[in-house]
1. Is at least one residue of the range 122-141 closer than 17 Å to Tyr74 by Cβ and part of a helix (DSSP H, G or I)?
2. Loosely packed, with under 14 Cβ neighbours inside 10 Å, out of contact with any helix residue (DSSP H, G or I) (no Cβ under 9 Å at 6 or more places or on another chain), touching a residue at least 24 places away in the same chain (Cβ under 8 Å) and among the hydrophobic types (A, V, I, L, M, F, W, C), is that true of Ala189?
3. Search the range 197-211 for residues being in a loop (DSSP other than H, G, I, E, B) and within 17 Å of Arg105 (Cα to Cα), and hand back the single one that is nearest to the chain's Cα centre (by Cα).
4. For Ile234, work out the one condition from (1) in contact with a helix residue (DSSP H, G or I) (Cβ under 6 Å, 6 or more places away or on another chain); (2) closer than 26 Å to Phe60 by Cβ; (3) assigned to a loop (DSSP other than H, G, I, E, B); (4) not aromatic (Phe, Trp, Tyr) it doesn't fulfil.
5. Regarding Ala162, is this residue in contact with a Ser or Thr (Cβ under 8 Å, 6 or more places away or on another chain) and not assigned by TED's automatic domain parsing to the domain that holds Arg72?
6. In the range 143-171, which residues are in contact with a strand residue (DSSP E or B) (Cβ under 8 Å, 6 or more places away or on another chain) and either charged (D, E, K, R) or surrounded by fewer than 16 Cβ atoms within 10 Å (Cβ to Cβ) (or both)?
7. Taking the stated definitions as given, is Arg81 assigned to a helix (DSSP H, G or I), modelled with pLDDT of 95 or more and under 26 Å from Ile22 (Cβ atoms)?
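The values are calculated or read from the model by the stated rules, or taken from the named source; none is laboratory data. Predicted model only: the values in this text are computed from it and were never measured. Virtual Cβ from ideal backbone geometry, glycine too; neighbours counted across all protein chains shown.
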Amino acid sequence: MISARLTIPHGYRFLHEGRREILVREGYEARLRRAGLLAPSQLWGKPPQPSRVSGRGEVFVVPCGRETAAVRKYRHGGLLRRVTGDLFFFGSRPLQELVVTEQARAAGVPTLEVLAAIQERGWGGCYQGYLITAFLPSAIDMIAFLERFPHDQKRRAIIEKAATAVKTMHKRGIYHADLHLKNFLVDEAKKSMVYVIDFDKSTIATHLNAGRRIKNLMRLDRSAEKMKRHGLRITGREKQIFCHTYATGDPEIRSAMKTFKERYHWYTVRYRSGWWLARVFYPRHNPWKKSRT
């Protein structure tokens, strides 16, 4: 059952249908049901397969009335991926992600509109989770954008927009659990809008102190450095542009960034050691190649 601690956002309804627990945006229930998306497990393993979005994880794109929806299935990462796959035993990850995403949208963070979140219960209380969002057909992730425009001046504007989006997110107390380059979408058809996506396991607090914010930015920096190792062009100047935009008008974060810069060498030694271990256990993994296929 839905957790008593979960607050249903304004504009959504909670449905309990057999083994399924559903949060659905008002006005979308009928069209999602007609498209079969309120029982999304049928999309996996049953031909014909819908269109799959390459480079954004396990996401299917499905017509939904006059619109198009993207359906993402939750899977464990790391070693758990090989053990439990798409089965979860605790929490309510899809429903929680919907709540955090909606609060981010309400706070002015550019992100995707969530149409529904679904948990389908199985044996022993485990569940499979799905998130259905609006689909942006002209959007590409930040890695693909930087690859497509390696020397273009529009890169600066996009980097500034990404920094502003993260700053807004942090000012509203939202800590992104997986802040990396693939979780930014750039939509040139909408005046080069930059969206922050994938709020799975993200949290909301009354206030994020400078230490938490720096930790989140460190995760993003690690992502950028990892992609550079795979050949993606990201300059030190572009990093400075991001940091300057993010820290403008905020003396506290400027001071924290200065301290972090002094320790940056030791920080990189630590995560580069992690990369070495990753190559040992996942020798064929290339995150950039995956985003380009």
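1. Taking every residue of the range 122-141 in turn, at least one turns out to be closer than 17 Å to Tyr74 by Cβ and part of a helix (DSSP H, G or I).
2. Against the criterion (loosely packed, with under 14 Cβ neighbours inside 10 Å, out of contact with any helix residue (DSSP H, G or I) (no Cβ under 9 Å at 6 or more places or on another chain), touching a residue at least 24 places away in the same chain (Cβ under 8 Å) and among the hydrophobic types (A, V, I, L, M, F, W, C)), Ala189 qualifies.
3. Checked the range 197-211; the qualifying residue nearest to the chain's Cα centre (by Cα) is Asp198.
4. The single condition Ile234 does not satisfy is (2).
5. no
6. Hits for the range 143-171 are Arg148, Lys161.
7. Judged against the criteria, Arg81 is not a match.
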